[in-house]
């Protein structure tokens with residue numbers, strides 16, 4: 001099966017395109033976080049042109065101490081309402097798509113940088129931030145915010161709990177037997193719009209990337225883990 005071959009490539013750390021053909025019809029560049037390299041990050045940032053994010057279990061981010069942006073906005077609202085009566089927290093939450101308890105909005109947590117870095121924006125520095133976040137001993141004191149790496153908190157039940165690229169990235173890493181954390185970057189066309197349909201297929205062909213539908217991931221989760229071998233990234 002094509003999906004099995006793609007899963008083997010994921011185990012090797014090859015980037016693939018995750019296609020949400022149920023809701024958005026958009027594709028995101030994806031790479032398992034533990035396999036990321038500066039070259040892969042550079043490719044995702046340059047060729048994808050979207051926002052580079054790290055998707056990981058929501059509970060992990062909470063344990064580190066990185067809250068959802070909506071929770072931070074609520075704190076701001078409590079302190080700013082009297083001083084800035086025109087500040088509309090509800091409007092901001094809707095704009096960010098992160099209303100607490102709303103399962104369809106993108107679950108953004110605060111963007112962070114590893115505190116020991118200079119600017120935090122280079123691919124080498126962002127990779128260092130990613131690796132620090134994957135450390136089981138990671139603590140909020142190691143990071144500064146706002147930073148250059150956006151974090152996404154996946155639903156505890158994965159795609160069964162919420163349908164989106166965030167949960168797909170985490171579930172796909174689980175299916176591959178890797179740390180359940182994946183990098184995502186939206187694919188934006190030359191005209192600034194999201195690539196869809198034939199344009200997305202052409203991008204995949206030109207970049208030598210496979211496209212995996214989110215709908216195929218639950219079946220991959222139910223398969224026994226296989227030994228790495230066979231296909232290469234190209």
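Each value in this text was obtained by applying a stated rule to the coordinates, not by laboratory testing. No experiment lies behind these values; they were computed from the predicted model shown. We place every Cβ from the backbone using ideal geometry, glycine too, and count neighbours over all the protein chains shown.
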**Fill in**
To the nearest 0.05, the calculated FRET efficiency linking residue 5 and residue 148 through their beta-carbon distance, R0 being 30 Å, is 0.35
**Extension gain, residue 34 back to residue 190 (0.36 nm per residue minus Cα-Cα distance, nm)** = 53.2 nm
**Request:** Could you calculate the FRET efficiency of residue 25 with residue 59 from 1/(1 + (r/R0)^6), where r is the beta carbon distance between them and R0 is 35 Å, rounded to 0.05?
**Result:** 0.70
**Message:** How large is the convex hull of the C-alpha atoms of segment 124-200 per residue, in Å³?
**Reply:** 151 Å³
**Request:** Rounded to whole Å and ordered largest first, report the semi-axes of the equivalent ellipsoid of segment 180-224 derived from its Cα gyration tensor (root of 5λ).
**Result:** 25, 13, 10
**Asked** Three principal axis extents, largest first, for the C-alpha atoms of segment 106-234, in Å?
**Response** 41, 41, 31
**Fill in**
Quick P(r) readout (segment 20-69; Cα-Cα; 5 Å bins; whole %) gives 4, 16, 21, 18, 21, 18, 3
